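Here the structure is laid out as structure tokens; the discussion comes afterwards.
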Amino acid sequence: MSGKADPRAAGEGTTSRTRLDRGRAALGPALELVHTGRAPTRAVLTAELGVTRATAGAVAAELEALGLIRVDARPGAAAGSQGRPSHRLA
């Protein structure tokens, strides 16, 4: 035995696997939200799906990789908004 702890036993790697599983389950609902215009940005997608920003980003990236949506990361915040503008989804 090497004496090193198995990182999987300590919970490392399970977070990303769990996020991926949640993201896969959200692909269909996310696609519907984007295509119906109910989620024009990643921030709205995050709120509508009830997932973390990281999960919503992974879902959007997966849908984009499949050629089902477009993700526009260029800044374009509306007047009066605060913070970094959210990625637009189409």
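Every number here is computed from the coordinates shown, using simple stated rules; none is lab data. Source: prediction; values computed, not measured. Reconstructed Cβ throughout: ideal geometry from the backbone, glycine too, with neighbour counts over all protein chains shown.
If you add up the charges near Ala73, with Lys and Arg at +1 and Asp and Glu at -1, over every other residue whose beta carbon is less than 13 angstrom from its beta carbon, what do you get?
With Lys, Arg at +1 and Asp, Glu at -1, the net is +3.
Hey, can you rank 52-65, 28-41 by average C-beta count inside 10 Å, highest first?
52-65, 28-41
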